[in-house]
Amino acid sequence: MEGTTGKDMKIIIKKYRAFFVAIMIFSSLITGAQDIYTYRSRIYDSYARGEMSGWRVTIEEMEKVYDRSGSMELLHELLLSQYGFIGYCLKEDMKKEASYHLARARANLETLKANKPGSAELIALEGAFFGYEMGIHKLKAMVLGPKAKEKIDGAVEKDPNSVRTLLEKANQLNFSPKIVGGDTEEAIEYYKKAIRLIEADAENLRKNWIYVNTVVVLAKAYEKLGNNSHACALYEKLIDYDINIKWVKDDLYKGCKNKSQSLQ
């Protein structure tokens, strides 16, 4: 360039280099976010269709990608996916597979805790994993139950406005026997608050299996208390959210309506 000194040229080159580095970093962040949404979408589709083998395959793929990338954002998404799949395994009495994924999820949780110490969300998940361990080893309930409660209560105290802390407190109240503090009515209030927080975050509401699962669990809690009108309304809400979740429309909603009609 005319009139440009060697010193000026070095400054220009430095600026261009910094610009291109910034572009590359930004592009990698965008790509990473897209990858995470792709995995989240695949997990959701498997859940919505009731094809849980697809969930398992996606988890395995995420594990391989994380091993190469070391992305904490991806590891966090993987942990939530493992959390959901373990719950499914326990529901279907697949204890061996639940135990396998729980061990891997706990290792991932420790990595995330080291990266983000004191996270209320991670403390709540630690409590949830004690609950899962109780589901696998029922004879350990007397030891693991108080540990789960301590972690979850501590997480809620640390952050009472986190979706995860609210959900785990709700689950603890909803699925614990009354003799050890179970309270479905109180659990309902926690579920409702968590749902409001999820719905307020429009960006993350689309294809959110945690949202659908929470609404389903809340509806079932209402059914347990005999409040079928509230339960049916929640199933209708999910049908509006995604009409393609056939097991909500054809099984849960239809069963709720039939139950309501039989009580009239």
Quick one: net charge around LEU122, please, counting Lys, Arg +1 and Asp, Glu -1 for every other residue with C-beta under 13 Å from its C-beta. +1
Is there a pair in LYS116/LYS169; LYS95/LYS192; LYS113/LYS138; LYS207/LYS259; LYS113/LYS220; LYS96/LYS249 whose C-alpha atoms are over 24 Å apart, and which pairs would that be? LYS95/LYS192; LYS113/LYS138; LYS207/LYS259; LYS113/LYS220; LYS96/LYS249
From fewest to most C-beta neighbours within 10 Å, the residues THR111, THR58, THR165, THR38 line up as THR38, THR111, THR58, THR165
Setting aside same-chain residues fewer than 8 positions from LYS254, which aspartates and glutamates have a Cα under 17 Å from its Cα? GLU223, GLU236, ASP240, ASP242
Give the residue from ALA105, LEU166, LEU234 lying farthest towards the positive end of the charge dipole for the chain; charges sit on Cβ (+1 for Lys and Arg, -1 for Asp and Glu) and the dipole is referred to the Cα centre. ALA105
At 222 nm, what value in deg cm²/dmol follows for the chain if DSSP H runs of at least 4 each add -39500 (n - 2.57) and the sum is divided by all its residues, to the nearest 500? -27000 deg cm²/dmol
Neighbour-count ranking for SER41, SER262 (other C-beta within 10 angstrom, fewest to most) reads SER262, SER41
Taking other Cβ within 10 Å of each residue's Cβ, how do VAL143, VAL212, VAL163 sort, fewest first? VAL143, VAL212, VAL163
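Throughout, read-outs are computed from the coordinates displayed, never taken from laboratory work. All of these numbers come straight from a predicted model, not from anything done at the bench. When we count neighbours, we look across all protein chains shown, and the Cβ atoms used for this are built from the backbone with ideal geometry, even at glycine.
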